[in-house]
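Chemist: I'd like to ask some things about the structure below.
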Amino acid sequence: MNTLAPLALALPALLIAGAAAGFAGGLFGIGGGFVVVPALMFLLPVLGVAPDHTAHVAVGTSLASIIFTSIRSTSSHARRGAVDFDLLRSWAVWVVLGTAVGTVFADHVSGAYLALVFGVGVLAFAVYFLLPARQGDPLFAALPSGLPRVGIASALGAFSTLLGIGGGTLTTLTMTVCGTPIHRAIGTAAGMGAVIAVPATLGFVLIGLGESGLGWGALGYVHLPAAAVLIAMSVAFAPMGVATAHMLSPALLRRVFGLYLTFIGVLMIAKF
């Protein structure tokens, strides 16, 4: 059988998933993993990935695509002055440490229970963004420093790596509840995606080397042909999401983000 035939069969769905991930990445500062991982779980068996490896390859491939989605989104937000590069630099080392921990535990943590905890937490914060009484009223006066910052940044990296996401949702939540304007929180969260995805992708490549049943074109747990399609589409559509985000007022963007959190929370709980 022609090795390109399965890719051609999966191509339309990969194109749609990549476009959706790019637009969502620009709009909400996320890497698009919430879109890409479920799509890959369905498509990777078509591409010859064995069932035992589907979840790991989906996460690894999603992380690889997030690198480029995040860089494209960040550059677009930065042109509008909406990226806190000082925060990215000060959090980076702890986030990278968390991604290392997440990669080590990727084979040992139940994805179902992780999704349940994540879903419940996200739904709780959705209430914060949707209730009119809380609009514009931060829960904390400033972003954490010292040991709390170390713990939050490390947990962000570990949790995002295990779920195959860029950490944008958690970064936006953290910054917004600490009083950061939502446009700036989203722009900075886009940059956090690359900080997480680069080391996490390398980790999934390394732990997957030598495994069989990964399909044609796989490098460790990263399916390179699928990643290439996703990257091309997400990079093209990310600026559209950024432009849409900056067209919305802060109050409206908060409500849209709250609805997004509700959808993601329900989706995660449904996986349990």
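The values are calculated or read from the model by the stated rules, or taken from the named source; none is laboratory data. In this text the structure is predicted, and so the values were computed from the model without any measurement. FYI the Cβ positions are ideal-geometry reconstructions off the backbone, even for glycines, and counts take in every protein chain you see. Accessible surface is based on the protein model in full, side chains and every heavy atom, while ligands, DNA and RNA are left aside. Shrake-Rupley method; radii C 1.70, N 1.55, O 1.52, S 1.80 Å.
Chemist: Quick one: is V205 in contact with a strand residue (DSSP E or B) (Cβ under 6 Å, 6 or more places away or on another chain) and at pLDDT 90 or above?
Modeler: Answer is yes for this residue.
Chemist: Please determine whether any residue of the range 35-52 is surrounded by 16 or more Cβ atoms within 10 Å (Cβ to Cβ), in contact (Cβ under 8 Å) with a residue 40 or more places away in the chain, in contact with a Leu (Cβ under 8 Å, 6 or more places away or on another chain) and closer than 16 Å to A200 by Cβ.
Modeler: Looking for residues that are surrounded by 16 or more Cβ atoms within 10 Å (Cβ to Cβ), in contact (Cβ under 8 Å) with a residue 40 or more places away in the chain, in contact with a Leu (Cβ under 8 Å, 6 or more places away or on another chain) and closer than 16 Å to A200 by Cβ, one finds at least one in the range 35-52, hence yes.
Chemist: Further question: Return the residues of the range 164-190 that are assigned to a helix (DSSP H, G or I) and either among the aliphatic types (A, V, I, L, M) or open to solvent by 10 Å² or more (accessible area, probe 1.4 Å) (or both); say none if nothing qualifies.
Modeler: Scanning the range 164-190 gives L170, L173, T174, M175, V177, I182, H183, R184, A185, I186, A189, A190.
Chemist: Return yes when S154 is closer than 18 Å to L44 by Cβ and either free of Cβ contacts under 8 Å to residues at least 40 places away in the same chain or among the hydroxyl-bearing types (S, T, Y) (or both) and no when it is not.
Modeler: no
Chemist: While we're here: Name the single residue that is surrounded by the fewest Cβ atoms within 10 Å (Cβ to Cβ) among those in the range 225-255 being without any contact (Cβ under 8 Å) to a residue 12 or more places away in the chain and not polar (S, T, N, Q).
Modeler: If we take residues in the range 225-255 being without any contact (Cβ under 8 Å) to a residue 12 or more places away in the chain and not polar (S, T, N, Q), then M247 is surrounded by the fewest Cβ atoms within 10 Å (Cβ to Cβ).
Chemist: Mind checking which residues of the range 240-272 are aliphatic (A, V, I, L, M), assigned to a helix (DSSP H, G or I) and over 14 Å from F34 (Cα atoms)?
Modeler: M240, V242, A243, A245, M247, A251, L252, L253, V256, L259
Chemist: Give me the residue from the range 4-18 that is touching a Leu at 6+ places or on another chain (Cβ under 9 Å) and free of Cβ contacts under 8 Å to residues at least 40 places away in the same chain and, out of that set, most open to solvent (accessible area, probe 1.4 Å).
Modeler: For the range 4-18, the residue satisfying everything is L9.
Chemist: Just the residues that are crowded, with 24+ Cβ neighbours inside 10 Å and either closer than 30 Å to T172 by Cα or of a type in the set (D, E) (or both), please, taken from the range 191-224.
Modeler: The answer is G191, M192, G193, V195, I196, A197, A200, T201, F204, Y221, V222, H223.
Chemist: Kindly evaluate A106 against the criterion of being modelled with pLDDT under 80 and crowded, with 18+ Cβ neighbours inside 10 Å.
Modeler: Answer is yes for this residue.
Chemist: Can you tell me how many residues within the range 53-71 are touching a residue at least 40 places away in the same chain (Cβ under 8 Å) and surrounded by fewer than 24 Cβ atoms within 10 Å (Cβ to Cβ)?
Modeler: Selection size over the range 53-71: 6.
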